[in-house]
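No lab work stands behind these numbers, since they all come straight from the coordinates. Source: prediction; values computed, not measured. Because the Cβ atoms are built from the backbone with ideal geometry, glycine has one as well, and the counts that use them run over all protein chains shown.
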Amino acid sequence: MEELIVKKAKDLFFSYGLKGVSMDDIAKHAGVSKKTIYKSFEDKNQLVQRLVSDLLRCYEQAIEQCKTEANDAIDEVILFTQIPFNTVAVINACFFYELEKFFPSVYELIVEYRQKVLIPTVIANLKKGIDEAVYRPNLDLPFIADVRIQQVLTALNPKTFTSRQQQGNTLILQLSELYLHAIATEKGKKLINKYLNVNNENQFSN
């Protein structure tokens, strides 16, 4: 029952934002009473916290899977583009704004995730790539990490990318190709082309 409530709440929150969705709306959408919801979640804040925690945990698992399966640093970045960004990209643009404004303690989970997971992950990948001689050795790691995080955030909300309308996965793949070519050595550029060709072949074969 708890999982059903979270799923239905996620559907509503992601579609309409947080402020405009009440516990009554969630109860109706889930086909349960408000009393049933309050047996699992003491208030809306706790329900939102559960939803955001689940979302971040899902992406952390995907990141770890990319690290495990990758042949090298470049492969790790390209595997990351296969994470289902389109699912996250359907989140209403006001969701994160309202999360920060009305649920600041929950929003801190995202801030903490960026600092403790995303940035260290990018820097670790950069160091790995330098050791493998596929990235240039003179990179400003903190700056490059910030650039990469902004790319990921853009892919999560492609509506902010106004020059063309792209699906999340297509956009992150194109942004990643630009990112990799900007930091890669000649050896790395050959790997980029190899992996991107394989990735494109896999897309057409599915």
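For each of ASP75, ASP54, count neighbouring Cβ atoms within 10 Å of the residue's Cβ, then give the residues from fewest to most.
Details: ASP75 18, ASP54 13.
With the sparsest Cβ surroundings first, the list reads ASP54, ASP75.
For the stretch 28-69 and the stretch 96-131, what is the separation of their C-alpha centers, rounded to whole Å?
After rounding, the separation between the Cα centres reads 18 Å.
Could you list the chymotrypsin sites (Phe, Trp or Tyr not before Pro) in the stretch 33-115 that lie in coil according to DSSP, counting only those with at most 16 other Cβ atoms within 10 Å of their Cβ?
On the way: sites: TYR38, PHE41, TYR59, PHE80, PHE85, PHE95, PHE96, TYR97, PHE102, TYR107, TYR113; in loops: PHE41.
Filter output for the stretch 33-115: empty list.
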